[in-house]
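The structure under discussion appears below in the form of structure tokens.
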Amino acid sequence: MRTARAACAGVSFCLCMGLAASARAQQPPADAAAAQALRAEIDQLRSDFTARLAALETKLAAMTGETPPAALPPPPPAAAQAAQPTVTVPPGAEGAGGPSGSLPVYGNASAASKIFNPDIAVIGNFVGVGGRNDVRPEQSLALREAEASFQAVVDPYARADFFMAFAEQGVEVEEGFVTFPTLPGGLLLKVGKMRAGFGKVNTSHTHQMPWPDRPLVTENLVGGEEGIADAGVSVAGLIPNRWLFLEATGQVYRGDADGIFAATRRGDLSYAGRLRGYHDITESTNVDLGGSVMVGHTAPVEFEADFDPSHTTTLYGFDATVRWRPLQRSIYRSFIGRSEVVWSRRERSAGRIDSSGFYVSGDYQFARRWFAGGRLDQSDRLDEDDLRDKSYSALVTFWPSEFSQLRGQYRRTNYADGPAANEFLFQLQFSIGAHGAHPF
């Protein structure tokens with residue numbers, strides 16, 4: 001009996017060991033499971049690559065008119081591939097040499113199109129004028145300007161900006177310059193045609209103006225609607241300090257500005273300098289102050305027989321901007337106050353002519369899309385310091401969206417050499433495209 005029980009126990013032990021070994025053989029080790037998952041991932045990548053390569057070969061064949069190569073075996077279906085968006089080719093594309101069927105879309109088409117194309121935008125400025133003005137009459141209805149901008153990065157060291165102005169008088173390059181922002185010492189270099197860094201209004205494009213027109217001091221002393229813009233070189237840099245943001249700018253121009261400067265010789269350059277300071281007074285209020293000076297050779301006037309090209313004109317300017325925008329209601333309430341003073345000293349054969357002018361304006365936002373404002377102007381004439389014009393304006397502005405703007409302005413101008421003018425101006429501005437931000 002004891003021998004039989006021992007034999008049975010041995011047989012049972014052998015059976016248990018055999019069953020355990022069989023179970024271990026049926027369960028793959030952890031390394032084998034990881035290898036299987038990695039192999040599946042490789043197969044999926046190979047399938048994705050095959051599908052993308054086939055799509056590119058088909059597209060290339062459609063562009064060149066060649067016969068596409070033999071298609072590779074279709075990849076196995078996968079959930080990721082089924083979720084990819086497709087583009088359906090319109091009927092008739094096959095006959096025109098285009099691809100047929102539905103092709104998968106890979107990546108962002110808009111991002112790919114910007115590799116070799118700049119950001120392009122167009123801004124229209126339509127102005128209507130009603131009332132009577134016998135001294136400086138304007139057209140009743142006009143698309144004063146359509147500005148087209150082309151902006152892009154040139155390389156890691158530079159970017160380019162071009163602004164073309166299309167008007168009824170023709171087409172001109174309003175600005176076109178390249179900027180180098182990574183110079184040693186933290187300097188910023190611009191080369192090309194630019195608006196001179198004199199004051200606030202002169203540096204702004206027409207569509208940036210908070211009014212349909214430009215102040216009298218700009219019209220009379222700083223180049224009118226076009227302002228002072230010339231080919232030149234500009235260098236700007238920050239002045240480190242612990243009190244405020246301080247920036248200094250120095251510019252050299254060819255020396256031509258319609259009615260103000262004239263370069264009769266190659267060396268008749270004009271020079272401009274500007275010092276700008278910015279400071280936050282509170283979390284809702286800040287102030288921006290600037291001082292400017294510009295000197296160049298005096299432009300001749302009509303029928304000036306004894307014109308001397310060595311005579312110079314010097315412009316001095318001071319500008320101030322105060323902004324208030326409460327953080328809690330910033331989209332409903334805000335205020336911007338602006339002022340600019342300009343002095344002009346022009347040398348003539350008959351003697352020096354001193355002129356001056358200024359404007360003061362304020363714009364208050366009383367609703368999310370509504371603004372109301374006013375402006376006071378006074379200015380001497382450029383070559384007639386005994387004639388002084390005055391103007392008063394009231395404005396209302398409505399922004400349907402960030403891409404359009406409606407503005408109405410009542411303007412009364414008391415001219416020194418003519419009857420007073422009472423006018424109403426209506427402005428509609430609209431934009432399309434990716435127009436970059438302007439300097440603050």
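Here is a list: 303, 198. Which entry is assigned to a loop (DSSP other than H, G, I, E, B) and modelled with pLDDT of 95 or more?
Values: 303 fails: modelled with pLDDT of 95 or more.
Exactly one residue qualifies, and that residue is 198.
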Check your understanding: Can you tell me which residues in region 377-400 are assigned to a strand (DSSP E or B) and more than 18 Å from residue 131 (Cβ to Cβ)?
Key -> 378, 379, 380, 388, 397, 398, 399, 400
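Table: residues versus (1) without any contact (Cβ under 8 Å) to a residue 40 or more places away in the chain; (2) over 23 Å from residue 382 (Cα atoms); (3) surrounded by 16 or more Cβ atoms within 10 Å (Cβ to Cβ); (4) in the same structural domain as residue 244 (by TED's automatic domain parsing).
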{"site": "277", "(1), (2), (3), (4)": "yes, yes, yes, yes"}
{"site": "291", "(1), (2), (3), (4)": "yes, no, no, yes"}
{"site": "295", "(1), (2), (3), (4)": "yes, no, yes, yes"}
{"site": "299", "(1), (2), (3), (4)": "no, no, yes, yes"}
{"site": "327", "(1), (2), (3), (4)": "no, yes, no, yes"}
{"site": "348", "(1), (2), (3), (4)": "no, no, yes, yes"}
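Quick check, is residue 361 small (Gly, Ala, Ser), modelled with pLDDT of 95 or more and touching a Phe, Trp or Tyr at 6+ places or on another chain (Cβ under 7 Å)? Explain how you work it out, then say what you get.
Working: small (Gly, Ala, Ser): yes; modelled with pLDDT of 95 or more: yes; touching a Phe, Trp or Tyr at 6+ places or on another chain (Cβ under 7 Å): no.
For residue 361, the condition - small (Gly, Ala, Ser), modelled with pLDDT of 95 or more and touching a Phe, Trp or Tyr at 6+ places or on another chain (Cβ under 7 Å) - is not met.
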Check your understanding: Give me the pairs: first residue in region 119-138 and in the same structural domain as residue 423 (by TED's automatic domain parsing) and part of a loop (DSSP other than H, G, I, E, B), second residue modelled with pLDDT of 95 or more and among the charged types (D, E, K, R), beta-carbon distance under 6 Å, and six or more apart or on different chains, which are they?
Key -> 133/423
Check your understanding: Does at least one position in region 363-376 carry a residue that is in a strand (DSSP E or B) and more than 28 Å from the chain's Cα centre (by Cα)?
Key -> yes
Practice item. Please identify the pairs in which a residue from region 382-407 that is exposed (fewer than 15 other Cβ atoms within 10 Å of the Cβ) and of a type in the set (D, E, K, R) has its Cβ atom under 9 Å from the Cβ atom of a residue that is modelled with pLDDT of 90 or more and part of a loop (DSSP other than H, G, I, E, B), counting only partners at least 6 apart or on another chain. Key: 384/416; 386/416
Exercise for review: Take residue 311 and decide whether it is under 24 Å from residue 350 (Cβ atoms), touching a strand residue (DSSP E or B) at 6+ places or on another chain (Cβ under 7 Å) and either of a type outside the set (S, T, N, Q) or surrounded by 15 or more Cβ atoms within 10 Å (Cβ to Cβ) (or both).
Suggested key: yes
Revision key, fill the gap. Within region 408-430, restricting to residues that are in contact (Cβ under 8 Å) with a residue 60 or more places away in the chain and within 30 Å of residue 307 (Cα to Cα), the one that is surrounded by the most Cβ atoms within 10 Å (Cβ to Cβ) is 415
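Being touching a residue at least 24 places away in the same chain (Cβ under 8 Å) and either in a strand (DSSP E or B) or polar (S, T, N, Q) (or both) is the filter here, so list the residues in region 329-346 that pass it.
Looking only at region 329-346, we keep the residues that are touching a residue at least 24 places away in the same chain (Cβ under 8 Å), and these are 331-338, 340-346.
Residues satisfying the conditions are 334, 335, 336, 337, 338, 340, 341, 342, 343, 344, 345, 346.
Take region 247-258 and flag every residue that is in contact (Cβ under 8 Å) with a residue 40 or more places away in the chain and surrounded by 15 or more Cβ atoms within 10 Å (Cβ to Cβ). If you could, list the steps in order and put the result at the bottom.
In the first step, residues of region 247-258 are kept if they are in contact (Cβ under 8 Å) with a residue 40 or more places away in the chain; the result is 249, 251, 253, 255, 257-258.
Across region 247-258, the qualifying residues are 249, 251, 253, 255, 257.
Among the residues of region 289-298, are any under 26 Å from the mean Cα position of the chain (by Cα), polar (S, T, N, Q), at pLDDT 95 or above and within 26 Å of residue 352 (Cβ to Cβ)?
Initial filter on region 289-298 (under 26 Å from the mean Cα position of the chain (by Cα)): 289-292.
Then keep just the ones that are polar (S, T, N, Q); that gives 292.
Now narrow it down to the ones that are at pLDDT 95 or above: 292.
From what is left, the residues that are within 26 Å of residue 352 (Cβ to Cβ) are 292.
Yes, region 289-298 contains at least one residue that is under 26 Å from the mean Cα position of the chain (by Cα), polar (S, T, N, Q), at pLDDT 95 or above and within 26 Å of residue 352 (Cβ to Cβ).
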**Study point:** Qualifying residue in region 206-222 (condition: farther than 23 Å from residue 344 by Cβ, in the same structural domain as residue 374 (by TED's automatic domain parsing), over 16 Å from the mean Cα position of the chain (by Cα) and not in a loop (DSSP other than H, G, I, E, B))
**Key:** no
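One line per residue, one yes/no per condition, for (1) surrounded by 22 or more Cβ atoms within 10 Å (Cβ to Cβ); (2) out of contact with any Cys (no Cβ under 8 Å at 6 or more places or on another chain); (3) acidic (Asp, Glu):
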{"site": "175", "(1), (2), (3)": "no, yes, yes"}
{"site": "179", "(1), (2), (3)": "no, yes, no"}
{"site": "192", "(1), (2), (3)": "no, yes, no"}
{"site": "210", "(1), (2), (3)": "no, yes, no"}
{"site": "220", "(1), (2), (3)": "yes, yes, no"}
{"site": "226", "(1), (2), (3)": "no, yes, yes"}
{"site": "243", "(1), (2), (3)": "no, yes, no"}
Exercise for review: Looking only at region 260-275, count how many residues are surrounded by fewer than 16 Cβ atoms within 10 Å (Cβ to Cβ) and at pLDDT below 95.
Suggested key: 4
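Suppose the filter is in contact with a Ser or Thr (Cβ under 7 Å, 6 or more places away or on another chain), within 30 Å of residue 306 (Cα to Cα) and buried (at least 20 other Cβ atoms within 10 Å of the Cβ); does residue 355 pass it? Don't jump to the end; show me each part of the working.
Working: in contact with a Ser or Thr (Cβ under 7 Å, 6 or more places away or on another chain): yes; within 30 Å of residue 306 (Cα to Cα): yes; buried (at least 20 other Cβ atoms within 10 Å of the Cβ): yes.
Answer is yes for this residue.
The values are calculated or read from the model by the stated rules, or taken from the named source; none is laboratory data. Please read all numbers here as calculations on a predicted model, not as lab measurements. Every residue, glycine among them, receives a Cβ derived from its backbone with ideal geometry; neighbour counts consider all protein chains shown.
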